[in-house]
1. From a point 7 Å beyond the Cα of residue 174 in the direction of its Cβ, which residues of region 62-86 have a backbone N at a distance under 12 Å?
2. At 222 nm, what helix-only mean residue ellipticity would the chain give, in deg cm²/dmol to the nearest 500, using -39500 (n - 2.57) for each DSSP H run of four or more?
3. Using 7 Å Cα-to-Cβ label points, what is the residue 234/residue 247 separation (nm, one decimal)?
4. Work out how much length residue 54 to residue 218 would gain on full extension: take 0.36 nm times their residue separation and subtract the Cα-Cα distance, in nm to one decimal.
5. Which value in nm describes the separation of the simple spin-label points at residue 79 and residue 207, placed 7 Å from the Cα toward the beta carbon?
């Protein structure tokens with residue numbers, strides 16, 4: 001049976017950093033499970049890493065030598081659903097396995113990961129009767145980090161990126177992207193748009209974002225309490241041994 005490794009968890013928890021380490025150790029290819037990183041031009045507010053590159057015939061971001069797929073695949077303003085993500089991810093899984101590599105699904109959009117690992121069918125859901133058994137063995141990891149640390153990192157990050165985020169958001173608006181779409185696409189762009197639109201002053205924008213981000217981090221953690229407890233990844237050495245044992249025991 002094929003193997004699928006997933007690294008999940010809230011914003012700022014170090015998912016990509018851990019996934020890159022594991023990809024280097026186990027010949028992995030990362031598939032992004034982030035509902036906003038799929039959009040081109042949304043870079044600052046989605047914390048994209050690496051540089052543009054390719055893996056096979058696919059566009060990719062290359063993060064410390066490791067390809068990350070399903071980033072920069074659609075234009076801003078386009079509709080992109082969990083069904084769209086599933087279709088692309090499932091196709092990429094086949095090609096990664098065919099290449100003899102380990103797919104590592106990484107991201108904070110819990111619905112995407114759960115839909116893949118639990119066999120959601122298009123138009124279905126967690127309890128839909130048409131869900132199908134998956135033909136792979138999943139292992140889901142979550143970096144072990146205190147929520148207070150996550151909140152502090154988020155609070156400190158936003159003021160640092162505020163000016164570049166606002167510039168990126170203005171560029172999107174100038175290109176014809178609607179404020180309504182930006183308001184719906186995530187906290188960073190929502191609050192940058194509200195600032196540009198004159199709805200909020202700078203300090204008020206930052207404070208409101210920080211409060212909303214803390215609530216979002218809480219929701220991301222809560223998702224995994226209700227959709228199967230991931231294994232907490234503590235020390236890298238322990239995590240590597242765990243993954244190695246999982247791969248060896250299910251060959």
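Read the figures in this text as sums done on the coordinates, not as results from a lab. All of these numbers come straight from a predicted model, not from anything done at the bench. Cβ placement follows ideal geometry from the backbone for every residue including glycine, while neighbour counts extend to all protein chains displayed.
1. none
2. Counting only the DSSP helices, I get -15500 deg cm²/dmol.
3. It works out to 2.3 nm between the two label points.
4. Numbers: separation 164, 0.36 × 164 = 59.04 nm, distance 3.44 nm.
Length difference between fully extended and current span is 55.6 nm.
5. Inter-label distance under the simple model: 3.9 nm.
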